[in-house]
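Novice: Before anything else, here's the structure in question.
The values are calculated or read from the model by the stated rules, or taken from the named source; none is laboratory data. Because the structure is predicted, anything quoted here is derived from the model rather than measured. FYI the Cβ positions are ideal-geometry reconstructions off the backbone, even for glycines, and counts take in every protein chain you see.
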Amino acid sequence: MNAQSEPLMEGTPLIKPSTTDHPLYESCVEACRTVHDPEVPVNIYDLGLIYTIEISDENEVEVTMTLTAPGCPVAGEMPVWVADAISPLAGVKSVNVEMVFEPQWGMDMLSDEARLELGFM
């Protein structure tokens, strides 16, 4: 968080929780794992770029994601890739992908699989 950011309310999570108990959640995660950052040989889910997958009772999917760096050459395309991966899933009514840069992505967001793939384990 930079000095210009509004202070967060105490107890407010930096990243909104996902709807992990929704029947479509695991399918959405697997769809996100099919999308790769062209500069890193790991899928964007295991890179920690998908912050939140929120699914409504009407099966409307809201994804909040970030990039490894704001100047990423595919910044404009990656949300479309994520939406295109999730949209065909059976039962999904709609998909909206929002790009955010707070909190900033960091290496600590890598999954164990990504750490292994990148040689950090």
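Novice: I want to confirm something. Restricting to region 38-58 and keeping residues that are farther than 20 Å from Glu113 by Cβ and out of contact with any His (no Cβ under 8 Å at 6 or more places or on another chain), which single residue is surrounded by the most Cβ atoms within 10 Å (Cβ to Cβ)?
Specialist: Start the filter on region 38-58 by keeping residues that are farther than 20 Å from Glu113 by Cβ, which leaves 54-58.
Still in the running and out of contact with any His (no Cβ under 8 Å at 6 or more places or on another chain): 54, 56-58.
Values: Glu54: 17, Ser56: 12, Asp57: 7, Glu58: 7.
Checking each candidate, the answer is Glu54.
Yes/no per residue for (1) in contact with a His (Cβ under 9 Å, 6 or more places away or on another chain); (2) within 24 Å of Leu14 (Cα to Cα); (3) surrounded by 13 or more Cβ atoms within 10 Å (Cβ to Cβ); (4) of a type in the set (Asp, Glu):
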{"site": "Pro79", "(1), (2), (3), (4)": "no, yes, yes, no"}
{"site": "Val82", "(1), (2), (3), (4)": "no, yes, yes, no"}
{"site": "Ser87", "(1), (2), (3), (4)": "no, no, yes, no"}
{"site": "Gly91", "(1), (2), (3), (4)": "no, no, no, no"}
{"site": "Val95", "(1), (2), (3), (4)": "no, yes, yes, no"}
{"site": "Phe101", "(1), (2), (3), (4)": "no, yes, no, no"}
{"site": "Met109", "(1), (2), (3), (4)": "no, yes, yes, no"}
{"site": "Asp112", "(1), (2), (3), (4)": "no, yes, no, yes"}
{"site": "Glu117", "(1), (2), (3), (4)": "no, no, yes, yes"}
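Novice: Would you check which residues across region 27-40 are more than 11 Å from Ile86 (Cα to Cα) and either part of a loop (DSSP other than H, G, I, E, B) or modelled with pLDDT of 95 or more (or both) and list them?
Specialist: If the condition is that a residue be more than 11 Å from Ile86 (Cα to Cα) and either part of a loop (DSSP other than H, G, I, E, B) or modelled with pLDDT of 95 or more (or both), then Asp37, Pro38, Glu39, Val40 are the ones that fit.
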